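The values are calculated or read from the model by the stated rules, or taken from the named source; none is laboratory data. Not measured: the values here are computed from a predicted model. Using ideal geometry, Cβ is built from the backbone for each residue, glycine included, and neighbour counts are taken over all protein chains shown. Protein only, heavy atoms only, side chains kept; ligands, DNA and RNA dropped before computing areas. Shrake-Rupley method; radii C 1.70, N 1.55, O 1.52, S 1.80 Å.
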Amino acid sequence: MLNNPFASKTYETIWLKHFSNGAEATTFGSVKGVKFVKHSKLPYYENIGRNLTNGMTYQLDLKADDLKGRVVVVYDVPDYFSTESYDNSSNIKVNKIKQYKGLSSNLNEFESLEDVLQSCFGSKSKSRFKGRVRQIESSFNISQKVYFGSISKEEYKSDMQTLKELLFKRFDQRNEHNTVLPIWSFYEELIYDLILEKKVVFNVIYDDNKPIAMSINYVYDHIVVVAIRTFDIEYYKYNIGNYEVYKLFDWSLQNDISELDFSKGEVDYKRRWSNREYTYEHHIIYDSKSLKAVLIGKSLSNLLKFKQYLRDKNVNTMYVKPVSYTHLRAHETGRN
């Protein structure tokens, strides 16, 4: 089973502090590698992190009997993870509900950064991109720092503040909703410890001492999952966002990373840099000998299927308000 950062004690402690409303972590021997909290209103359990993870993993132990009459939900399980040793005769059943598509790059197919470019670009577009790389590196005093295992508190606070500012500006420019900024205090507390524990790679591109492109990436053993990334829109014409991905590939190849996973969504840059597609699933695990558990499990399955149907039809975007940079910055200034 993978060393999942979202199953770490650090993630558990900080997530519970910010989101559990006093609920305590619960473990089930039947579902190894995941801790749960009881839903605040309904009779089932959800994995710690709920939908704020970038991929959960677990293993079933069909000999355990602690799921009698119970239902648990594990959100966002990538279908390329092996999660179970299943036995149809077991009372434990799993409903897998397909959700978002994901995109990733299998680095085992590449021996060098040039191989990556050859795979991701046609001959003309590769030439243009390499020209952009030369232009960026000759026009500015560009440097890269990859924080993995160590970072000073001063550097961390400064760069995270810049990351927040760049996210504000970027999503205000696009007039789109951002899920990270409303819960920034959670990430700000979490990421520092995970960097020190080598569960996060914090990739920063600088112009002199100014961060201009940044990404926070979770680490599962030899898999790196891209989670939060942005860039300074003043450098947009230099293709600085793709440059940051290019440098992350470079670091990953040098550090024996086997998979660079771009997580949920199918935006252009992910399609550009990926060589395989997968699906996130929500797994509803329940005791099939309990009528109550069966009814709850089927109801949850139908609800999640319906929600995904609405997403597929883009109905959800009609009801999401975009982040207002001006409003949120005024709120931050007033609070400080």
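Return yes when residue 102 is open to solvent by less than 40 Å² (accessible area, probe 1.4 Å), closer than 23 Å to residue 263 by Cα and either β-branched (Val, Ile, Thr) or part of a loop (DSSP other than H, G, I, E, B) (or both) and no when it is not. When the stated conditions are applied, residue 102 does not pass them. Just one residue in the set 199, 98, 126 is charged (D, E, K, R) and within 30 Å of residue 290 (Cα to Cα); that residue is 98. So for the range 237-252 (the condition being out of contact with any Lys or Arg (no Cβ under 6 Å at 6 or more places or on another chain) and under 17 Å from residue 15 (Cβ atoms)), does at least one residue qualify? Scanning the range 237-252, I find no residue that is out of contact with any Lys or Arg (no Cβ under 6 Å at 6 or more places or on another chain) and under 17 Å from residue 15 (Cβ atoms), so the answer is no. In the range 105-122, which residues are open to solvent by less than 10 Å² (accessible area, probe 1.4 Å) and among the hydroxyl-bearing types (Ser, Thr, Tyr)? Hit for the range 105-122 is 105, nothing else.
Of the residues making up the range 227-259, those that are part of a strand (DSSP E or B), farther than 30 Å from residue 30 by Cα and within 16 Å of the chain's Cα centre (by Cα) are 228, 229, 230. Using the structure shown, decide if residue 49 is open to solvent by 40 Å² or more (accessible area, probe 1.4 Å), over 20 Å from residue 287 (Cα atoms) and out of contact with any His (no Cβ under 6 Å at 6 or more places or on another chain). Judged against the criteria, residue 49 is not a match. Selection of first residues in the range 182-198 that are touching a residue at least 24 places away in the same chain (Cβ under 8 Å) and within 15 Å of residue 214 (Cβ to Cβ) and of second residues that are among the hydrophobic types (A, V, I, L, M, F, W, C) and open to solvent by 10 Å² or more (accessible area, probe 1.4 Å), restricted to Cβ pairs under 6 Å at least 6 apart or on distinct chains, gives the following pairs, ordered by first then second residue: 195/151. Within the range 126-144, residues that are free of Cβ contacts under 8 Å to residues at least 24 places away in the same chain reach partners that are hydrophobic (A, V, I, L, M, F, W, C) and open to solvent by less than 70 Å² (accessible area, probe 1.4 Å) with beta carbons closer than 7 Å, at six or more positions or on different chains, in the pairs 126/117.
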